[in-house]
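Asks: The structure follows.
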Amino acid sequence: MNEAEQLDFIRVLKKTFYATKKKDIKTLRSLSDHLIEDASVFQDSYSISLAIILYTLSKIFEKEKYQSYPEWTSFYNNTTLKLKSLVLCLEKS
C-alpha cells in the first residue's frame with residue numbers, strides 16, 4: 001500500500017469510526033461504495049476487505065432488533081474501540 005492509499009484508508013477509517021458512533025447507515029454504505037471503487041482502481045485487497053466489513057456493519061445497524069440483544073452493547077463498544085485503535089496504529093506507521 002503506497003502512502004496515498006494509506007492516507008485515504010485512514011481517512012475512510014476515521015469516517016467509519018464517527019459513522020459507527022452515530023449509527024449512520026447511509027455514511028457506512030457510502031464509504032463501502034468508495035472502497036469498492038478504490039479496490040477496482042488500486043487492485044487492493046485491504047480496500048475489498050474493509051468494504052465488506054463496512055457493508056456488514058451497515059446491515060447490522062439497519063436491523064434495529066439487534067440492538068435489543070443482551071450482547072449488543074458489548075459488540076458496539078468493542079467495534080468502536082477496535083476502529084479507533086486501528087486508526088491510531090495506522091497513523092503511527
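The values are calculated or read from the model by the stated rules, or taken from the named source; none is laboratory data. Keep in mind the model is a prediction, meaning the values are calculated, not measured. For neighbour counting, all protein chains shown are included, and Cβ atoms are generated from backbone atoms with ideal geometry for every residue, glycine included. SASA here: full protein model, heavy atoms, side chains in, ligands and nucleic acids out. Shrake-Rupley method; radii C 1.70, N 1.55, O 1.52, S 1.80 Å.
Asks: State all residues of segment 9-26 that are free of Cβ contacts under 8 Å to residues at least 24 places away in the same chain, under 12 Å from the mean Cα position of the chain (by Cα) and surrounded by fewer than 17 Cβ atoms within 10 Å (Cβ to Cβ); if no residue qualifies, say none.
Replies: Scanning segment 9-26 gives Arg11, Tyr18.
Asks: Tally time: how many residues in segment 53-63 are closer than 15 Å to Phe9 by Cα and either open to solvent by 70 Å² or more (accessible area, probe 1.4 Å) or not hydrophobic (A, V, I, L, M, F, W, C) (or both)? Walk me through it before giving the result.
Replies: Quick first cut of segment 53-63, residues closer than 15 Å to Phe9 by Cα only: 53-54.
Cutting the leftovers down to either open to solvent by 70 Å² or more (accessible area, probe 1.4 Å) or not hydrophobic (A, V, I, L, M, F, W, C) (or both) gives us 53.
Of the residues in segment 53-63, 1 are closer than 15 Å to Phe9 by Cα and either open to solvent by 70 Å² or more (accessible area, probe 1.4 Å) or not hydrophobic (A, V, I, L, M, F, W, C) (or both).
Asks: Also: Among the numbered criteria (1) farther than 21 Å from Ser93 by Cα; (2) over 12 Å from the mean Cα position of the chain (by Cα); (3) part of a helix (DSSP H, G or I), which single criterion is violated by Gln6?
Replies: Of (1) farther than 21 Å from Ser93 by Cα; (2) over 12 Å from the mean Cα position of the chain (by Cα); (3) part of a helix (DSSP H, G or I), only one is false for Gln6: (1).
Asks: If only one of Leu50, Leu81 is open to solvent by less than 90 Å² (accessible area, probe 1.4 Å) and part of a helix (DSSP H, G or I), which one is it? Walk me through it before giving the result.
Replies: Numbers: Leu81 fails: open to solvent by less than 90 Å² (accessible area, probe 1.4 Å).
Step by step, each of Leu50, Leu81 is checked, and only Leu50 is open to solvent by less than 90 Å² (accessible area, probe 1.4 Å) and part of a helix (DSSP H, G or I).
Asks: Between residues in segment 64-87 that are farther than 20 Å from Phe9 by Cα and residues that are charged (D, E, K, R), which pairs lie under 9 Å by C-beta distance while being six or more apart or on different chains?
Replies: Gln67/Lys23; Tyr76/Lys23
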